[in-house]
Amino acid sequence: MIRANGLSVSYGAVQALRDVTFTAETGTITAVLGANGAGKTTLLRTISGLVTPRSGTVSLDETTLTGERPEDIVRRGVGHVPEGRGVIAEFTVEENLRLGAMISPMSLRDGLNQQYEWFPVLGERRKQAAATLSGGERQMLAMARALIAQPTVLLLDEPSLGLAPLVTAQLMHTVSELCTTTGLTVILVEQNAKSALRIASRAVVLYLGRVVADDTAAVVAQDDQLRQYYLGMVKQ
Amino acid sequence: MSSVLTSRNVADVLGGITNGVIYSLVALSLVLVWRSTRILNFAQGAMAMIAAYIGFAVLAPSTNYWVSMAVAIIAGLALGGLTERVIVRGLYGKPEINPVVAMVGFLLVLESVAAAIWSTTSRGLPTPFSIVDWQINHKPVALSPFALYEIVTAVVVMTVIALLFQFTKLGLKLRAAALAPEVSRLLGVRVGRMLTLGWMLSSGVGAVTAVLVASNYFTGLTPTTMDGVFAFGFIAAAIGGLDSPVGALVSGVSLGIILQFVGDYLNSNDIILVALGMLIVSLMVRPNGVFTRSAQRRV
């Protein structure tokens, strides 16, 4: 279980998060939704230690993560796939994965085999530079690179950004399967609320840095007011 | 065969390679730091000079050459690490002019300190091999055992660096920290340590270079020993591409050979003009360097 408790973050005079509290239960997908500038990315960056909160804490089970460095937080089992994927374009697919595997308790060979099984296209392109991959393949690589470290929590920032609907659907399916089969806890930041709510069990809606809804995905999906005012989803 | 080896052109090529590998090592030092921290280390030559002084001047003149070389390398590694921690770390993320000014200032400080401690008088360093050219049929070949030692040392250093970066976990982390520091932190890489290590490696390579340069009978060791060599190494790095270790190697050797021909067929005073001309043309045609490549999408 990972919990954010009263997180507030400011960038100078701009307050990006205001007293954000929520819990992501073990083995579930929690969608964090909201419009541009709602504070979704800042929330993930705060959890993984890239941003220091002005107040509040993040805890993983009984351990407080706040104040630790990103390189230590990832060793505690919190993987972060950043916005824009963050694959190292100059590296081959396998070099990207080897980098992710350095803190893994699993052997490199087993880790690579596991990722190639989950994402077969990466196995086919293992010697290819990441710069030559398509957007969907890059997203798979970014996820595989985080997963090869065997995290217990995965933070996914806008995985569908710039991807075709079909590719997005495949990715969401993969995330859902990973969660079911490995017991992974996923915090999924998405602007594509529809796709995220389809696979999430819980949803947190942010608006200008505040939590305006924290409920089951089904309830959020049915709430016309939330859909219309905060998620930009037109009632059908 | 012997007439070919003793011909004027072959002599220029061999002399050019001997000078060129030194430029390549300087360029490699600059590339190592540039790739990891996006800082042009204008004090690189002066740092290398200090390491050479520590290796040879601090220890008794009778000290074994190889022990002194090892001490110089260790001093270079330490000076590189210390420089990154004390001076450079505070410059990350600052305007581009700040590190330039800081490193030029550091260069002047190091040269002044060296002059104050060891004076500006040139010190001849012992050479482990003869500097007299080999001869074939009583005709000199423009290659001495010491020149061959310089070439072999440069090749060994570059090979070790290349193997380290390409085939080891440490090399992967060094490259990742340089290319994508934030992502690397998210993958558990201790980026600060990698940057320090990058500076240490660069400075270690610089120390080897300074010892080779100062061991040359005609140069000796002075506080400004590395200034000229640094200028040509810098030009080689800029032509090859500051991101490209291969570029550093190829352009350094190429520059050495071209300048040797210029000195022989034109005038030795024209060497710096030609080098600067090559730099200007290269920056106009390939601003990012001849060996900087762009990836092609392949599906």
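The values are calculated or read from the model by the stated rules, or taken from the named source; none is laboratory data. Since this is a predicted model, take the numbers as computed values, not measurements. Here the Cβ is made from the backbone with ideal geometry for all residues, glycine too, and neighbour counts use every protein chain on show. To get the accessible areas, we keep the full protein, side chains included, count just its heavy atoms, and leave off ligands, DNA and RNA. Shrake-Rupley method; radii C 1.70, N 1.55, O 1.52, S 1.80 Å.
Observations
- The set of residues in the stretch A:11-38 being part of a loop (DSSP other than H, G, I, E, B) and either open to solvent by 10 Å² or more (accessible area, probe 1.4 Å) or polar (S, T, N, Q) (or both) consists of A:GLY12, A:ALA13, A:GLU25, A:THR26, A:GLY27, A:THR28, A:ALA35, A:ASN36, A:GLY37.
- In the set A:VAL205, A:VAL219, only one residue is more than 24 Å from A:LEU99 (Cα to Cα), β-branched (Val, Ile, Thr) and in contact with a Phe, Trp or Tyr (Cβ under 8 Å, 6 or more places away or on another chain); that residue is A:VAL205.
- Residues within the stretch A:137-150 that are part of a loop (DSSP other than H, G, I, E, B) and in contact (Cβ under 8 Å) with a residue 60 or more places away in the chain, tallied: 2
- Residue among B:TRP118, B:TRP134 that alone is open to solvent by 70 Å² or more (accessible area, probe 1.4 Å) and aromatic (Phe, Trp, Tyr): B:TRP134
- Inspection of the stretch B:66-81 identifies no residue that is assigned to a loop (DSSP other than H, G, I, E, B) and either modelled with pLDDT under 95 or open to solvent by less than 10 Å² (accessible area, probe 1.4 Å) (or both).
- Residue satisfying all of: in the stretch A:58-87; open to solvent by 50 Å² or more (accessible area, probe 1.4 Å) and charged (D, E, K, R); nearest to the other protein chains (Cβ to nearest Cβ) among these: A:ARG75
- Strands (runs of 3 or more DSSP E) contained in the stretch A:151-236 and holding at least 3 residues open to solvent by 50 Å² or more (accessible area, probe 1.4 Å) and under 24 Å from A:ILE2 (Cα atoms): A:210-216
- Pair list, Cβ < 6 Å and 6+ apart or interchain, from the stretch A:157-170 residues that are over 23 Å from A:GLY37 (Cα atoms) to residues that are open to solvent by less than 50 Å² (accessible area, probe 1.4 Å): A:VAL167/A:GLY136
- Pick from the stretch A:89-136, criterion more than 10 Å from every other protein chain (Cβ to nearest Cβ) and outside any helix (DSSP H, G or I), ranking: nearest to B:GLY171 (Cα to Cα): A:THR92
- Scanning the stretch A:90-104 for residues that are more than 17 Å from B:VAL189 (Cβ to Cβ) and open to solvent by less than 30 Å² (accessible area, probe 1.4 Å) gives a single hit, A:VAL93.
- The single condition among (1) in contact with a Pro (Cβ under 9 Å, 6 or more places away or on another chain); (2) of a type in the set (A, V, I, L, M); (3) outside any loop (DSSP other than H, G, I, E, B) that A:LEU50 does not satisfy is (3).
- Checked across the stretch A:179-193, the condition of being within 13 Å of chain B (Cβ to nearest Cβ) and on the phi < 0 side of the Ramachandran plot holds for no residue.
- Qualifying residue in the stretch B:130-148 (condition: of a type in the set (Asp, Glu), at pLDDT below 95, within 24 Å of B:GLY256 (Cα to Cα) and part of a helix (DSSP H, G or I)): no
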